[in-house]
Amino acid sequence: MSSNREGRRSQEGAVPSPSSLERQLRHSEDVPTFMGVVGPANTILKKDLLSWDFDIFEYNEKTSSAFKDVCFSIVKLFEVDKTFKVDEQTVLNWLDLVERTYKPEVPYHNSIHAADVLQAMACFLSNKRLKRFLSNNDRASLVIASIVHDIHHPGFVSAALKNLKHRLCVKNVEPFLESHHIQTAFKVTLGNEHCNIFKNLDPETFSMFEKDISDLILATDMEKHGDYYNDFRAAVVAATQAGRHMDWKAFDSLEKKLLMKQIILKNADVAACQRPLHIHITWTEKICREFHRQTETEIRINVEPTYPEYKELCVLPSTQLMFLEVIRPMIEDWDRLLELPGLQANFKRSLKFWQKFKTTEKCSFEEVKEASKNE
């Protein structure tokens, strides 16, 4: 297994050749199938699993099994297997299939990103306020949604998929990518009994989880970020009396509770900018590589680039600053709500770091890494 993973990692960031691109556009619906029972996962200590300083890259370098180990450990920590009444071997088989369904050649939106988002989710779910607010079913939905929220991501943003006339835009309703992740997640899960983590649920309970997980994944569409955040902000203000803490009971309705869970996943999905600076910078390099890969592909087939500024493989500080400013209000409200001063400090450090480059049009990965050593 490790040699396969290392081989897949070496492909990261590679630009598809014309023939491979053609196959990608024609057969993007192809997903792996069950290949047999898989072995056990390595155990990660709870103190490491729930540390905001957990370095997914360092762990994967040592083990080549970050996805399986992190995901299985968190499924067990929050007793998701018990909630679904499913055996450990089925969970392991499912995780193996999900990992193989993520595309290893995609630099950012791959299985390591999914594991990192899940680890951030675990940190949130361990918060004393959310512990009281969420049920076992809520936690199970959030764990599963974190694992599959970007499954089979092609490495292109929705606008690029439209330009490329990708079949995902024909097959799915908007948002295209999120709809594809949902359909793929349930397709691979329900396609084989050996991997079906929902197989012991009655139809009504399964339908509840299916809707909940789907609604959570839909909220990760960044084009609708403002809508979700504004609804959340308005609900928090309405539930907060002057000079007092928010009344969590105001979120007990199904609609408001879903909104809260969507915000939890959205915060976990952008957790990279709240990590220690060196981890944040590594994720920044990976998203830049993904945008460059997309741009190279568009140019190769004579399509107007969605992000022409990424013709060159580099970092654009203005883009990083713009993204951080977009998510800043949500992160500040969320960290205040859960009393997470350490995360706020990390975010401010990342923001301050990129502000030093605000007069720089572009810079190399090496320049960014060198500058971060002085922070």
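The values are calculated or read from the model by the stated rules, or taken from the named source; none is laboratory data. Given the structure is predicted, the values throughout are model-derived calculations rather than measurements. Don't worry about glycine lacking a Cβ; one is built from the backbone with ideal geometry, like all the others, and counts go over all protein chains shown. When the accessible area is computed, the model is the full protein with side chains, heavy atoms only, and any ligands, DNA or RNA have been set aside. Shrake-Rupley method; radii C 1.70, N 1.55, O 1.52, S 1.80 Å.
Among residues that are out of contact with any strand residue (DSSP E or B) (no Cβ under 9 Å at 6 or more places or on another chain), open to solvent by less than 30 Å² (accessible area, probe 1.4 Å) and among the charged types (D, E, K, R), D87 is not included.
Considering the stretch 224-237, and only residues there that are farther than 14 Å from R336 by Cβ and exposed (fewer than 12 other Cβ atoms within 10 Å of the Cβ), the residue that is nearest to the chain's Cα centre (by Cα) turns out to be D227. Taken over the stretch 114-129, the criterion of being assigned to a helix (DSSP H, G or I) and open to solvent by 10 Å² or more (accessible area, probe 1.4 Å) is satisfied by C123, K128, R129.
Conditions tested, residue by residue: (1) of a type in the set (A, V, I, L, M); (2) loosely packed, with under 13 Cβ neighbours inside 10 Å; (3) within 19 Å of W52 (Cα to Cα); (4) over 22 Å from the mean Cα position of the chain (by Cα).
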site	(1), (2), (3), (4)
E325	no, yes, no, no
M330	yes, no, yes, no
W334	no, no, yes, no
L338	yes, no, yes, no
P341	no, yes, yes, yes
N346	no, no, yes, no
K352	no, yes, no, yes
K356	no, yes, no, yes
V368	yes, no, no, yes
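A Cβ distance below 6 Å, combined with a sequence gap of six or more or placement on separate chains, defines the contacts here; from the stretch 342-371, residues that are touching a residue at least 12 places away in the same chain (Cβ under 8 Å) and within 19 Å of A272 (Cβ to Cβ) reach no residue that is assigned to a helix (DSSP H, G or I) and open to solvent by 40 Å² or more (accessible area, probe 1.4 Å).
Scanning the stretch 173-223 for residues that are polar (S, T, N, Q) and more than 16 Å from D150 (Cα to Cα), we see that the one that is least open to solvent (accessible area, probe 1.4 Å) is N196.
Residues that are under 21 Å from H194 (Cβ atoms) and not basic (K, R) are absent from the stretch 118-125. Scoring P104 on the criteria (1) crowded, with 22+ Cβ neighbours inside 10 Å; (2) assigned to a loop (DSSP other than H, G, I, E, B) leaves a single failure, condition (1). Residues in the stretch 131-148 that are part of a helix (DSSP H, G or I) and without any contact (Cβ under 8 Å) to a residue 60 or more places away in the chain: K131, N136. Looking only at residues of the stretch 238-289 that are open to solvent by 40 Å² or more (accessible area, probe 1.4 Å) and of a type in the set (V, I, T), we find that the one that is modelled with the lowest pLDDT is T240.
Residues in the stretch 135-142 include none that are under 26 Å from I287 (Cα atoms), buried (at least 22 other Cβ atoms within 10 Å of the Cβ) and polar (S, T, N, Q).
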